[in-house]
Amino acid sequence: MTRIVLVHGIAQQFKGTESLLADWYPALSDGVGLASNTRIARNDVSMAFYGDLFRSAGHRGLGVPELDASDVQDGLERELLLRWWKFAAERETGVPGPDVPARLRTPNAIQRALDALSHSRFFAGLSERMLIFSARQVRIYFTEPAKRADIQRRVAEQVTPETRVIIAHSLGTVVAYEALCAHPHWPDLSLVTLGSPLAIRNLVFDRLIPQPTTGYARWPAPVTRWTNIADEGDVVAMVNELAPRFGERVRDLAVHNGARAHDVGSYLTARETGQAITMALKRGNASG
């Protein structure tokens, strides 16, 4: 019986369902345990895995294409990297911002963004090509309808009449939101979003399906309770509060994840996340 469905974010193409669950399940259990005496059984949880749909075939090394600044496409990829740069520079003294004079050898804005992000605590350890490939996955999701439909199908395959809560992280919050809107007859359930970029105007919010109107998004019909949790330093989320765009029924909560602001493990072990999950399961039991 799958009561909890998990939806991961970008840059998981080299993992799989079980390897992700090996990371998510203990952290989820710790967060719930911190918030209550509830115990989450392993068979209560399933992962809507779609990372393999971004995995490139036939490349050397780790399977990530050999990308550099010249490969960044205009539009969403470029704008996302520039927004990440600006946000990181505003919050980290070690990250030079766009207003800092460029060195003569790096006049290109994208190369400057990549160089600056390499000094960010958030992106520490990520190679230039992985940064670009992460932005590319977001672009692919929003611009390739067949891929978008395949990814949402992975979520739909995991949702059952017993499902009580969907927990989504990063790009996975976009996937979960759109899947919920596309299935208005799913049984009532709760949604917990972690580090969500859903409210980022132009890059994410305005590209959602169904398309928002007059600055407001549609409420996903199956959702009876929506808790959104964000760290103010989360570069991927950028906009911490979803209620202004998705409705006052969204409960926005702030957490502090330390240097790893976007890390899903840090989100899952937070007491606030555990409380949201516990409440969702109790509500589900009461209605069932």
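Looking only at region 165-174, which residues are farther than 15 Å from V236 by Cβ and in a loop (DSSP other than H, G, I, E, B)?
Across region 165-174, there are no qualifying residues.
Quick one: in region 101-124, of everything that is small (G, A, S) and at pLDDT 85 or above, which residue is surrounded by the fewest Cβ atoms within 10 Å (Cβ to Cβ)?
Step by step, filter region 101-124, then rank; the result is A109.
Quick check on my filter: what residues within region 176-195 are in contact with a His (Cβ under 9 Å, 6 or more places away or on another chain) and among the aliphatic types (A, V, I, L, M)?
Listed by number, the list holds a single entry, L194.
Residue-wise test of (1) closer than 23 Å to I140 by Cβ; (2) part of a loop (DSSP other than H, G, I, E, B); (3) at pLDDT 95 or above.
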{"site": "V236", "(1), (2), (3)": "yes, yes, no"}
{"site": "G258", "(1), (2), (3)": "no, yes, no"}
{"site": "I277", "(1), (2), (3)": "no, no, yes"}
{"site": "R283", "(1), (2), (3)": "no, no, no"}
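Quick test of your reading of the structure: A230 fulfils all but one of (1) free of Cβ contacts under 8 Å to residues at least 40 places away in the same chain; (2) more than 17 Å from the chain's Cα centre (by Cα). Name the failing condition by number.
All conditions are met except number (2).
Being β-branched (V, I, T) and in contact with an Asp or Glu (Cβ under 6 Å, 6 or more places away or on another chain) is the filter here, so list the residues in region 224-265 that pass it.
T224, I229, V255
Which condition number in (1) touching a helix residue (DSSP H, G or I) at 6+ places or on another chain (Cβ under 7 Å); (2) free of Cβ contacts under 8 Å to residues at least 40 places away in the same chain; (3) not acidic (D, E); (4) not assigned by TED's automatic domain parsing to the domain that holds I229 is the one that S120 fails?
Condition (2) is where S120 drops out.
Table: residues versus (1) part of a strand (DSSP E or B); (2) β-branched (V, I, T); (3) not assigned by TED's automatic domain parsing to the domain that holds D231.
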residue	(1), (2), (3)
I151	no, yes, no
V155	no, yes, no
A176	no, no, no
S190	yes, no, no
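Check whether at least one residue in region 264-277 is over 18 Å from the mean Cα position of the chain (by Cα), outside the structural domain of E79 (by TED's automatic domain parsing) and over 19 Å from V7 (Cα atoms), and report yes or no.
Yes, region 264-277 has at least one match.
Taking the stated definitions as given, is E232 of a type in the set (D, E), within 30 Å of L117 (Cβ to Cβ) and modelled with pLDDT of 95 or more?
No: the conditions fail for E232.
When you scan region 87-100, how many residues do you find that are in a helix (DSSP H, G or I) and either surrounded by 17 or more Cβ atoms within 10 Å (Cβ to Cβ) or aromatic (F, W, Y) (or both)?
Of the residues in region 87-100, 3 are in a helix (DSSP H, G or I) and either surrounded by 17 or more Cβ atoms within 10 Å (Cβ to Cβ) or aromatic (F, W, Y) (or both).
The values are calculated or read from the model by the stated rules, or taken from the named source; none is laboratory data. In this text the structure is predicted, and so the values were computed from the model without any measurement. All Cβ positions, even for glycine, are placed from backbone atoms using ideal geometry, and neighbour counts span all protein chains on display.
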